[in-house]
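Colleague: Just passing along the structure, written as C-alpha cells.
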Amino acid sequence: MTNPVGTSCRSCGGGDLGVFLSLGNMPLSDGLLAPDDLQREEPRYPLDVAFCPDCTLAQILATVPPEELFGADYPYFSSFTDSRLKHSAANVAARIEERRLDGSSLVVELASNDGYLLQYYRARGIPVLGIDPALGPVAAARARGVETLQAFFGRDLAIQLATNGRCADVIHANNVLAHVADTNGFVSGIGTLLKEDGVAVIEVPYVRELIDHGEFDTIYHEHLCYFSVTALAELFRRHRLALNRVEPLTIHGGSLRLFVEKREQVDRSVTEYLQAEQRAGVDRFDYYAGFSARVERIRSDLLALLTRLKREGARIAGYGAAAKGTILLNFAGIGPEMLEFVADRNVHKQGRYMPGVRLPIVAPARILEEQPDYLLILPWNFKDEIMEQQAQYRRLGGRFIVPVPEPVVI
Ligand SMILES: [Zn+2]
C-alpha cells in the first residue's frame, strides 16, 4: 500500500488513499484512431486505483479533463441495444406508476445521451429535460423532440435551473455518477434540483462485481469511482440526501439502482447491502489488496494461451472494439503480432484503429472471409450474444477465447 503524495479522496477529501492496482499508462479507452491519427503519438495517462480508508470509496487517481473525454468531438455511437431500451422503458413505467407522474411533473435526466430514456416519458405526455455535454447525442435527442441542454451538470447548473423554477420530480442518472470529476458538486446539484418529495434514480456499476469477478478491464479513465453501498450512503449523507433503497441490476454485468431522496426512509434493502458489505470486508483495504495479483494472473494466463496458439500456427482475431478491449489489449500488450484485426458491428468504428495497440477495426463479414481459428471476445459481458451472432463461424470450426474472469477457450 503506497500513499500517493498530494492526492485526496474524491468523495471525502481524506488523504490516506492506498493504491491497490496500477495498470500503467493507458490510452483513452474510447479514443479510437482514424487512419490520419496513426502518424501521431496519442495521449496516455496513468491508471492507478486506490482505496480511501476514511469513506471506503475505491477510485482512480488521475482525472483526464472531461473536455478530452466527452468533448464536442467525442465520437457518438448510438449503441443502445434492444435489451437496454427495454430496460429503460420498464424503468420509466415503474417510475410513472410509483410517483404518479403527469403533465405537471418534470423528469430530468443527467447524461441523457440521445434521449433513449426520456423518450418514453415524453410518449406518455410527461415533461422532460435532458442534460448532456456531447453535441452529437444532444442533436439526436432534440431531433426526436426531447428538450436537451448541452452542458455538464453540476452545482451551478442546478442552481440556475432551480432559480428558474425547473425542479424535478424524478432525476435519472444512469452510468454517469462514476464519471464526473466533481463528485460532490454533482451530488449537491442533485439535491438542489430535486423537489422536496422528488426522487433521484441513479444507476452505477457495483464495486463488488469488479473485485469479485476480476473485471479489471472495466477500469478506465472515464470511470473515476468504483462504488460500494457503504461509500454511496456516506456520499449522499454529506449532501443531506438519503439513500433509501437499492435494487440489483443485471444489466452491464452487475450494477446497482439507487433511490435517493431528501426525506430519510431507509428500506431494508439498504441495510442488507450494508451488512453484507461489512461481512465481506468491502469497507476495508484488505478486500482490495489481493486484486492486483489476480489481474496479473489473468494477464499472464491469457498471454501464455495466445503465445501457445500462435506457436501452433493458429490465426487469431478479436471481436468487439469496446472500451474494455482497449484496456485489456494495452495492459496485456496484445497487438498486431497476436491478433489480425478486431471485428465490430458498429459502422462508426469500422475503418478506425484500437487505441494504443493500433489494431484495425473491420466489419464482421471479415470473420467469415478470413475464418481465423480463434476469436478473442473483448466485450466478454456480451459473449453469449456474440457467439450466437457468429454461429456460422463456429459451424465452420471457429472457436472463441473469453479472457475474463479467467481466460478460457470455448
Ligand atoms: Zn474518502
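Colleague: May I ask you to list the residues in the range 224-235 that are touching a strand residue (DSSP E or B) at 6+ places or on another chain (Cβ under 7 Å) and either assigned to a strand (DSSP E or B) or within 14 Å of the ligand (Cβ to nearest atom) (or both)?
Modeller: Narrowing the range 224-235 to residues touching a strand residue (DSSP E or B) at 6+ places or on another chain (Cβ under 7 Å): 224-227, 229, 232-233.
Passing the criteria: L224, C225, Y226, F227, L232, A233.
Colleague: Filter the range 143-162 down to the residues that are at pLDDT 95 or above, in a loop (DSSP other than H, G, I, E, B) and under 30 Å from C9 (Cβ atoms) and list them by number.
Modeller: Answer for the range 143-162, where residues must be at pLDDT 95 or above, in a loop (DSSP other than H, G, I, E, B) and under 30 Å from C9 (Cβ atoms): F153, G154.
Colleague: Same structure, new question: Would you confirm whether any residue within the range 263-277 is assigned to a loop (DSSP other than H, G, I, E, B), under 27 Å from A50 (Cβ atoms) and at pLDDT 95 or above?
Modeller: Let us first name the residues in the range 263-277 that are assigned to a loop (DSSP other than H, G, I, E, B), namely 263-267.
Checking the rest, the ones that are also under 27 Å from A50 (Cβ atoms) come to none.
Looking through the range 263-277, none of the residues is assigned to a loop (DSSP other than H, G, I, E, B), under 27 Å from A50 (Cβ atoms) and at pLDDT 95 or above.
Colleague: In this structure, does Y220 turn out to be in a loop (DSSP other than H, G, I, E, B) and either open to solvent by 10 Å² or more (accessible area, probe 1.4 Å) or without any contact (Cβ under 8 Å) to a residue 60 or more places away in the chain (or both)?
Modeller: Details: in a loop (DSSP other than H, G, I, E, B): yes; either open to solvent by 10 Å² or more (accessible area, probe 1.4 Å) or without any contact (Cβ under 8 Å) to a residue 60 or more places away in the chain (or both): yes.
Judged against the criteria, Y220 is a match.
Colleague: Moving on to the next point. Count, please, the residues in the range 386-410 that happen to be in contact (Cβ under 8 Å) with a residue 60 or more places away in the chain and among the charged types (D, E, K, R).
Modeller: Adding up the residues that qualify gives 1.
Colleague: A follow-up question, please. Would you confirm, using the coordinates I've provided, whether S300 is in contact with a strand residue (DSSP E or B) (Cβ under 6 Å, 6 or more places away or on another chain), polar (S, T, N, Q) and in a helix (DSSP H, G or I)?
Modeller: Numbers: in contact with a strand residue (DSSP E or B) (Cβ under 6 Å, 6 or more places away or on another chain): no; polar (S, T, N, Q): yes; in a helix (DSSP H, G or I): yes.
Answer is no for this residue.
Table: residues versus (1) more than 23 Å from A289 (Cβ to Cβ); (2) buried (at least 17 other Cβ atoms within 10 Å of the Cβ).
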| position | (1), (2) |
| --- | --- |
| D156 | yes, no |
| Q160 | yes, no |
| A181 | yes, no |
| E196 | yes, no |
| D212 | no, no |
| F227 | no, yes |
| R237 | yes, no |
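Colleague: Let me ask another. So, G165, is that one outside any helix (DSSP H, G or I), under 23 Å from R100 (Cβ atoms) and free of Cβ contacts under 8 Å to residues at least 40 places away in the same chain or not?
Modeller: yes
Colleague: In the range 106-130, how many are open to solvent by less than 10 Å² (accessible area, probe 1.4 Å) and outside any loop (DSSP other than H, G, I, E, B)?
Modeller: Residues that pass the stated criteria total 8.
Colleague: Sticking with this one: So in the range 15-37, with the set limited to residues that are open to solvent by 10 Å² or more (accessible area, probe 1.4 Å) and of a type in the set (G, A, S), which one is nearest to the ligand (Cβ to nearest atom)?
Modeller: Result: G15.
Colleague: If you go through the range 38-57, how many residues are open to solvent by 40 Å² or more (accessible area, probe 1.4 Å) and away from the ligand (no atom under 16 Å from the Cβ)?
Modeller: Looking only at that region, the number is 8.
Colleague: Quick one: P205 ticks every box in (1) touching a His at 6+ places or on another chain (Cβ under 7 Å); (2) at positive phi except a single one, so which number is it?
Modeller: Looking at each condition in turn, P205 falls short on (2).
Colleague: Ok, one more. Test P133 against the criterion of being surrounded by fewer than 21 Cβ atoms within 10 Å (Cβ to Cβ) and within 15 Å of F152 (Cβ to Cβ), and give yes or no. Full working, then the answer.
Modeller: Values: surrounded by fewer than 21 Cβ atoms within 10 Å (Cβ to Cβ): yes; within 15 Å of F152 (Cβ to Cβ): yes.
Yes: the conditions hold for P133.
Colleague: From the list I334, I327, I377, I298, pick out the single residue that is open to solvent by less than 20 Å² (accessible area, probe 1.4 Å) and touching a Lys or Arg at 6+ places or on another chain (Cβ under 9 Å).
Modeller: Values: I334 fails: touching a Lys or Arg at 6+ places or on another chain (Cβ under 9 Å); I327 fails: touching a Lys or Arg at 6+ places or on another chain (Cβ under 9 Å); I298 fails: touching a Lys or Arg at 6+ places or on another chain (Cβ under 9 Å).
The conditions single out I377.
Colleague: Would you point out which residue out of G198, G189, G136 is among the small types (G, A, S) and part of a strand (DSSP E or B)? Before you say what the answer is, go through the steps one by one.
Modeller: On the way: G189 fails: part of a strand (DSSP E or B); G136 fails: part of a strand (DSSP E or B).
Answer to the selection: G198.
Colleague: If you don't mind, there's one more thing I want to ask. Do we have A62 as surrounded by fewer than 22 Cβ atoms within 10 Å (Cβ to Cβ), more than 28 Å from R238 (Cα to Cα) and more than 16 Å from the ligand (Cβ to nearest atom) here?
Modeller: Values: surrounded by fewer than 22 Cβ atoms within 10 Å (Cβ to Cβ): yes; more than 28 Å from R238 (Cα to Cα): no; more than 16 Å from the ligand (Cβ to nearest atom): yes.
No, not satisfied.
Colleague: So, A140, is that one touching a residue at least 60 places away in the same chain (Cβ under 8 Å), open to solvent by 30 Å² or more (accessible area, probe 1.4 Å) and touching a Pro at 6+ places or on another chain (Cβ under 8 Å) or not? Give the derivation first.
Modeller: Values: touching a residue at least 60 places away in the same chain (Cβ under 8 Å): yes; open to solvent by 30 Å² or more (accessible area, probe 1.4 Å): yes; touching a Pro at 6+ places or on another chain (Cβ under 8 Å): no.
Taking the combined requirement at face value, the residue does not satisfy it.
Colleague: On to the next question. So which of E369, E340 is assigned to a helix (DSSP H, G or I) and free of Cβ contacts under 8 Å to residues at least 60 places away in the same chain? Reasoning before the result, please.
Modeller: On the way: E340 fails: assigned to a helix (DSSP H, G or I).
Going through E369, E340 in turn, just one is assigned to a helix (DSSP H, G or I) and free of Cβ contacts under 8 Å to residues at least 60 places away in the same chain: E369.
The values are calculated or read from the model by the stated rules, or taken from the named source; none is laboratory data. Note that the structure is a prediction, hence the values are computed from the model and not measured. All Cβ positions, even for glycine, are placed from backbone atoms using ideal geometry, and neighbour counts span all protein chains on display. Side chains included, ligands, DNA and RNA excluded: accessible areas come from the protein's heavy atoms. Shrake-Rupley method; radii C 1.70, N 1.55, O 1.52, S 1.80 Å.
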